[in-house]
Amino acid sequence: MDEEYDVIVLGTGLTECILSGLLSVEGKKVLHMDRNDYYGGDSASLNLTQLYRKFRPNQAPPSELGRDRDYAVDLIPKFIIASGEMTKILVHTEVTRYLEFKQIAGSFVYRDGRISKVPSTEMEAVKSPLMGLFEKRRAKKFFEFLQTWRDDDPATHQGLNLDRDSMKTVYEKFGLEPGTQDFIGHAMALYLDDDYITKPARETYSRIVLYTSSMARYGKSPYIYPLYGLGELPQSFARLSAIYGGTYMLDKPIDEVITDADGKFVGVKSGGETVKAKQVIGDPSYFGAGKEAEGGKVRVIEEGKVVRAICILKHPIPGTDDSDSCQIIIPQNQVNRRNDIYIAMVSSTHNVCAKDVYVAIVSTIVETDKPELEIAPGLNLLGPIYDKFVSVTPIYVPTAPGTADNIFITKSYDATSHFETVVEDVHDVWKRVVGSDLVLKKRDTEAEVQG
């Protein structure tokens, strides 16, 4: 390992694999290493044996769950928004040729003790059980306003300025009730909390338009999902990197990240060998996450925790029209919390578990010292749970941008139910590593999505 690289990437999580793929395409000489013997890091999909080994080392999987190879259980629950930034990266890099996608069958919201489909058009709003008759009329006007808005046509603005007026002002203009604001802000704009209400409305407008355009793209729901689980995503970007000359090494323990007298990155030590590079990118676990700083530099800090419960079910989630997959959002106001609770469910339709088995993951940002109790409102919606695996994972963020020492650290995966924040991190790290914005060229291809 005596040759020098442009960039060493540590960890094969999705963020790192997208970056190594894009950097390889750009002509950079990339070495990608992972301490695990599988791809994906924290965003891996595990077979049954790996799942039980991770959460219950002394227990073998029950034989009635079927064959090991039928399973690819995601450690983090996220879906891809059909018209979102993640789709743009997949299409731009043509990574779509290694993947097949399937629609998620439904998008639901919890309100007043029951689950209802999220309306995304005026027609659906008029039919929705979420609102009374007069509220439906108001919501219809609100959606019409969003759909007809043109920046360059003041006649469509109804006296509102999206860059100046808060979302609160917009809601008040249309007289929308708090419960309606809940599903618009949380189930469509996909905010985790209510901080957005006091901020300018532009961002919320953009998010709702993204949701409705994604909904219109394939119908049923705004989400798509790769067959064989999310672990396929990092592997596909790794394949892209390899095509462009990237080198991969799995099962390589990283002993030390080496810096010079000025604290600048020099190389990485693994198994007694040192490999040199100009820059290093890696996930927080390679830079002291969760460990006491020993006289060295504190490179990452904890920003919060996410609790996730992977639940194995023998039935679809009640109240979801027997959907083979769905997302359910429980807005925080409905359960007196500060953060929403998410449920993401997939099944054998997506080749991630055996027939007649369903995998639902309930997650939220931890607010108390009893995290499992916090996801109880979500667990209670699932019906009988065959087995569940609970994890509480810290969210780490880097303490420095990395431009001074050439050490660039990605963020942990957050509690959002989609990949938009992952792509934001990719753009952010790219700009710091390369020194210019990541520009995705338009391609006329479309992700192949099965109905």
Residue-ordered couplings for region 348-361, obtained by feeding phi - 60° into the Karplus form 6.51 cos²θ - 1.76 cosθ + 1.60 and rounding to whole Hz (Gly and Pro as x), are 5, 4, 9, 6, 10, 7, 5, 4, 6, 10, 10, 10, 10, 10
Taking Cα atoms only, helix 14-25 is inclined relative to the longest principal axis of the chain by an angle, in degrees rounded to 10, of 60 degrees
Within the under-9-Å Cβ sphere about Tyr358, not counting Tyr358, Lys/Arg +1 and Asp/Glu -1 give a net charge of -1
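Anything over 29 Å Cα to Cα? Flag those among Lys269/Lys431; Lys252/Lys297; Lys28/Lys305; Lys29/Lys252, in the order listed.
Details: Lys269/Lys431 26 Å; Lys252/Lys297 24 Å; Lys28/Lys305 35 Å; Lys29/Lys252 19 Å.
Those over the limit are Lys28/Lys305.
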Counting sequence-distant residues (5 or more places) and residues on other chains, those with an amide H built under 5 Å from that of Asn351 are Tyr228
Listed by chain and number, the residues whose amide H is under 5 Å from that of Val266, excluding neighbours fewer than 5 places away on the same chain and using placed H, are Ile258, Thr259, Asp260
The alpha-carbon center of region 383-427 and that of region 72-144 are separated, in whole Å, by 22 Å
Taking the dipole of the chain about the Cα centre (Lys, Arg +1; Asp, Glu -1; charges at Cβ), the one of Tyr225, Phe108, Phe79 that reaches farthest to the positive side is Phe108
Phi-derived 3J(HN,Hα) across region 102-116 with the Karplus relation (6.51, -1.76, 1.60, θ = phi - 60°), rounded Hz, x for Gly and Pro, is 9, 5, 8, 6, x, 10, 10, 9, 9, 8, 6, x, 9, 9, 9
Computed ³J(HN,Hα) along region 26-34: with the Karplus parameters 6.51/-1.76/1.60, θ = phi - 60°, integer Hz and x for glycine or proline, the list is 6, x, 6, 8, 10, 10, 10, 10, 9
quick note, the chain, DSSP beta bridge pairs, % antiparallel (nearest 5) is 70 percent
For the chain, the dipole about the Cα centre with charges only on Cβ (Lys and Arg +1, Asp and Glu -1), to the nearest 20 debye, works out at 860 debye
Summing -39500 (n - 2.57) over every DSSP H run of at least 4 in the chain, dividing by its residue total and rounding to the nearest 500, the 222 nm mean residue ellipticity is -7500 deg cm²/dmol
Here the residues of region 358-393 lying in the modelled label zone of Ser63, meaning backbone nitrogen under 11 Å from a point 7 Å along Cα-to-Cβ, are none
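Local charge sum around Leu46 (other residues, Cβ-Cβ under 11 Å, Lys/Arg +1, Asp/Glu -1)? Mind showing how you got there, number by number?
Working: positive: Arg53, Lys54; negative: Asp68, Asp74.
Cβ neighbours under 11 Å give a net charge of 0.
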Length gained if Lys269 through Asp255 is fully extended, taking 0.36 nm per residue and subtracting the Cα-Cα distance, is 4.5 nm
Farthest towards the positive end of the dipole of region 117-219, among Pro200, Phe183, Ala139 and with Cβ unit charges of +1 on Lys and Arg and -1 on Asp and Glu, lies the Cα of Ala139
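Taken together, the values in this text are just the output of simple stated rules run on the coordinates, not laboratory data. In this text, all values refer to a predicted model and were calculated from it rather than measured experimentally. In this analysis, Cβ positions are derived from the backbone assuming ideal geometry, glycine residues included, and neighbour counts consider all displayed protein chains.
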